[in-house]
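What follows is one structure encoded as structure tokens, with my remarks underneath.
The values are calculated or read from the model by the stated rules, or taken from the named source; none is laboratory data. In this text the structure is predicted, and so the values were computed from the model without any measurement. Here the Cβ positions follow ideal geometry from the backbone for every residue, glycine too, while neighbour counts run over all protein chains shown.
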Amino acid sequence: MRNRTLATLLCMGLLCLAVGCKQSVGENVANATPVSQPAPAPQPAPEKIKRPAFDGDLAFKSLEKQCAFGVRYLGSPGHKKCLEYLETELKKYADKVILQEGKYKDLPYTNVIAVFYPEGKQAPAKMPVLIVSHWDTRPVADGPGSSVAQGGFRFGEKGWNRLAPIPGANDAASGTAIMLELARILKEQRAKTGVVLAFVDGEDYGDFRGNNGAGDGVLLGSILLAQKYKDYPEIGQPLYGVLLDMVGGKNLVIPKEENSQQYAPATNEKVFGIAQSLGYGEVFRFDETQSVEDDHIPLNRAGIPTIDLIHPLPYEPYVQRGYRYWHTLNDSPANCSAKSLKIVGETMAELLYHETAEQ
Ligand SMILES: [Zn+2]
């Protein structure tokens, strides 16, 4: 993924401040009820749904397992092993597993899509909830914190610069690990909503600035999914989507993402509200903003309102609090934590098991 310019961020930040003010005015009015009036009747608490707990340690084991396959960029041996792992695991849990294949130059890439029917149903939902992560890793360590392979891309005989491929513990394995753990608990107990978990490939292979800025060899799997999802009745027309990208780093912080807010404001508010209610308000920061070009963009353009949950890239204003190991050889399990996976995983589980939209 790539972040937008600082200027854009600043403009968005001002916009966000304005919205923030409006909300706090509303709160003040609500609190100004005269003391003599009877207190409003207590509202019933939202129904507490019994569901399996999301196990952050199991998710962390899956993150380590993916990294143990080695680097996982298109065409690498680790990429092949990881694909087999995803397929094997998901066939244990899902009602249906779809492999959606594409090709970039000479290299095949594969989206692995796991479909879970709604509780008590024997057919896919027409409007399931979609959760997305990318599972491929970057073939070159070109992040600002990297001491190797900086200075852009070279397209060689066999593809992009592969001199310093990254381990991709956070940037690929984290969101993927959370989705695998969600698959495990969904097998244990289906949600009322149908769920589609899309493990997309080829997000991070090529050059985001290539092709006159449109990107070349990046977001491959999400573009394919966006183009073709209507060909698969099992996927239906997702109600909304949530993209999980870089959600396992230590000191995780997830500011609201501006494209998400533009395309899917209701989902953004719902997810950040759930996180708040679970006590994760320090991580999910609705009062802070970032703008990222990621797998959610093609999906939003194709009519699936999708938000991106992502630890900021280490650029201004997140040089200190962003994920400093982004696109470096240090994007390793040692810089990730089971606690972060648990925070995001529990938020997603709560979202899925409380979704009551007509299926
Ligand atoms: Zn990346």
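Restricting attention to the stretch 64-77 and to residues that are part of a helix (DSSP H, G or I) and either touching a Ser or Thr at 6+ places or on another chain (Cβ under 6 Å) or without any contact (Cβ under 8 Å) to a residue 12 or more places away in the chain (or both), the residue that is farthest from N170 (Cα to Cα) turns out to be P77. Filtered by the rule that a residue be surrounded by fewer than 24 Cβ atoms within 10 Å (Cβ to Cβ) and away from the ligand (no atom under 16 Å from the Cβ), the stretch 130-147 gives a lone residue, S147.
When T88 is tested against (1) within 19 Å of the chain's Cα centre (by Cα); (2) not in a loop (DSSP other than H, G, I, E, B), just one condition goes unmet, and that condition is (1). Inclusion of G273 among residues that are small (G, A, S), modelled with pLDDT of 95 or more and more than 15 Å from the chain's Cα centre (by Cα) is warranted.
E157 falls short on exactly one of the conditions (1) crowded, with 24+ Cβ neighbours inside 10 Å; (2) modelled with pLDDT under 95; (3) not polar (S, T, N, Q), and that condition is (1). Within the stretch 305-359, restricting attention to residues that are assigned to a helix (DSSP H, G or I) and among the small types (G, A, S), the residue that is farthest from the ligand (Cβ to nearest atom) is A349. All conditions in (1) modelled with pLDDT of 95 or more; (2) under 29 Å from I254 (Cβ atoms); (3) surrounded by 21 or more Cβ atoms within 10 Å (Cβ to Cβ) hold for Y117, with the sole exception of (2).
Residues checked against (1) touching a Cys at 6+ places or on another chain (Cβ under 9 Å); (2) over 21 Å from P165 (Cα atoms):
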| site | (1), (2) |
| --- | --- |
| F69 | yes, no |
| E84 | no, no |
| A94 | no, yes |
| P108 | no, no |
| I113 | no, yes |
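Count of the stretch 161-194 residues, restricted to those that are within 16 Å of the ligand (Cβ to nearest atom) and surrounded by fewer than 23 Cβ atoms within 10 Å (Cβ to Cβ), is 4. From the set of residues in the stretch 195-222 that are more than 15 Å from the chain's Cα centre (by Cα) and more than 16 Å from the ligand (Cβ to nearest atom), which is farthest from R138 (Cα to Cα)? Top of the filtered list is N212. Looking across F272, F286, one residue alone is free of Cβ contacts under 8 Å to residues at least 24 places away in the same chain and at negative phi. It is F272. List every residue pair whose Cβ atoms sit under 7 Å apart, with the two residues 6 or more apart in sequence or on different chains, where the first one lies in the stretch 130-150 and is without any contact (Cβ under 8 Å) to a residue 40 or more places away in the chain and the second, anywhere, is among the hydrophobic types (A, V, I, L, M, F, W, C) and within 11 Å of the ligand (Cβ to nearest atom). Filtered contacts from the stretch 130-150: A149/V140; A149/A141.
When I223, I235 are checked against the criterion of being touching a Pro at 6+ places or on another chain (Cβ under 7 Å) and either in a strand (DSSP E or B) or crowded, with 19+ Cβ neighbours inside 10 Å (or both), a single residue qualifies: I223. Evaluated against (1) free of Cβ contacts under 8 Å to residues at least 24 places away in the same chain; (2) out of contact with any strand residue (DSSP E or B) (no Cβ under 9 Å at 6 or more places or on another chain); (3) not basic (K, R), V97 falls short on exactly one condition, (2). Going by the conditions given, is T289 of a type outside the set (D, E, K, R) and within 15 Å of M1 (Cα to Cα)? For T289, the condition - of a type outside the set (D, E, K, R) and within 15 Å of M1 (Cα to Cα) - is not met.
Only a single criterion out of (1) out of contact with any Lys or Arg (no Cβ under 8 Å at 6 or more places or on another chain); (2) of a type outside the set (A, V, I, L, M, F, W, C); (3) on the phi < 0 side of the Ramachandran plot; (4) in contact (Cβ under 8 Å) with a residue 24 or more places away in the chain is not satisfied by D216, namely (4). Scanning the stretch 298-352 for residues that are under 18 Å from L225 (Cβ atoms), surrounded by 19 or more Cβ atoms within 10 Å (Cβ to Cβ) and in contact with a helix residue (DSSP H, G or I) (Cβ under 6 Å, 6 or more places away or on another chain) turns up P298, L299, N300, P305, T306, I307, D308.
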